[in-house]
Amino acid sequence: VNKEGLIEVVSNNEPRIDFKDSSEGALLLEPSRTNLYSYSNQFDVYWSKYNISAIPNSIISPEGILNGYFLRENTSNTSHDIRQNATIVSGLQYTYSVFVKKSDVGQDRNLSFYIGGTNGSISFNTTNGTFFNVGSVDSYSSEDYGNGWWRLQFTDTSVSTSFNVIAILNNGSTIYSGDGVSGVYIYGAQLEQGSYATSYIPTSGGIGTRDGESCSQTPPSGVIGQTEGTMYAQISNLSKETDG
């Protein structure tokens, strides 16, 4: 996240200075991760949709450009959802993350999710940013990215070689007659092997991998040798007790 609060993709071999939680910026170092979704932000073509439309270029995304999607329900009396499946390794933890935002048209809609092979479930209130009806997922959290956008992340342990995520519109129930207008905004889905979500890895046509990052400092030659140096410590005595 850059100084303007927008998601930015930097070039290879450049340090990433993240301003998400610090106005001064901090060096972002993450382990190697792979987004297992080949099309992380093309919900209109490459994701399965049931009684719902994914309308591209509907809103400014956390990237600061017009590439967010609107998930709009139809008028059927049933569930209205979008889903994607990925091939994974059974017995490992996987984390699903996605950006969502409350719609500014129609009626307010929340989102319910069914996660992974254990059919874990959880729901998110797009108005106040809280979770409800929490089921059997291993862990969950949300991050406020500003301008109404939330990044949600859910972690679950796989019990098969298939990891399916279903995002369902919710108006108090996941089964209802839609009005053909209402829905939610969505952007940037990611599925990665691990117990937490790392920064978004955009993909378009194949899984995307970010190499692991590290930082090191080599002492300048002739200044600090192998047998001498300086150690500094700042210490506070937190007890007034004395021996004896």
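When you scan the range 93-101, do you find a residue that is part of a strand (DSSP E or B), open to solvent by 50 Å² or more (accessible area, probe 1.4 Å) and of a type in the set (K, R), even just one? Outline the logic, then answer.
First pass over the range 93-101, keeping only residues part of a strand (DSSP E or B): 93-101.
Those still in the list that are open to solvent by 50 Å² or more (accessible area, probe 1.4 Å) too: 93.
When the remaining residues are screened for being of a type in the set (K, R), the result is none.
So far as the range 93-101 goes, no, none of its residues is part of a strand (DSSP E or B), open to solvent by 50 Å² or more (accessible area, probe 1.4 Å) and of a type in the set (K, R).
Right, E63: in a loop (DSSP other than H, G, I, E, B), over 19 Å from the mean Cα position of the chain (by Cα) and over 15 Å from L169 (Cα atoms) or not?
Numbers: in a loop (DSSP other than H, G, I, E, B): yes; over 19 Å from the mean Cα position of the chain (by Cα): no; over 15 Å from L169 (Cα atoms): yes.
No: the conditions fail for E63.
In this structure, does G180 turn out to be farther than 23 Å from T209 by Cβ, modelled with pLDDT of 95 or more and surrounded by fewer than 16 Cβ atoms within 10 Å (Cβ to Cβ)?
Details: farther than 23 Å from T209 by Cβ: yes; modelled with pLDDT of 95 or more: yes; surrounded by fewer than 16 Cβ atoms within 10 Å (Cβ to Cβ): yes.
Yes, satisfied.
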Tally of residues being surrounded by fewer than 17 Cβ atoms within 10 Å (Cβ to Cβ), of a type in the set (V, I, T) and more than 20 Å from E8 (Cα to Cα) across the range 37-79: 4
Residue within the range 131-142 that is over 24 Å from V159 (Cα atoms), among the acidic types (D, E) and open to solvent by 50 Å² or more (accessible area, probe 1.4 Å) present: no
Members of the range 16-29 found to be open to solvent by less than 90 Å² (accessible area, probe 1.4 Å), out of contact with any Pro (no Cβ under 9 Å at 6 or more places or on another chain) and farther than 12 Å from S199 by Cα, listed by number: I17, F19, S22, G25, A26
Residue in the range 149-169 that is surrounded by fewer than 19 Cβ atoms within 10 Å (Cβ to Cβ) and closer than 24 Å to N74 by Cβ present: yes
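The values are calculated or read from the model by the stated rules, or taken from the named source; none is laboratory data. None of the values given here were measured: they were computed from a predicted structure. With ideal geometry, Cβ positions are generated from the backbone for all residues, glycine too; neighbour counts draw on all protein chains shown. Note: accessible area is taken over every heavy atom of the protein model, side chains too, but ligands, DNA and RNA are not part of it. Shrake-Rupley method; radii C 1.70, N 1.55, O 1.52, S 1.80 Å.
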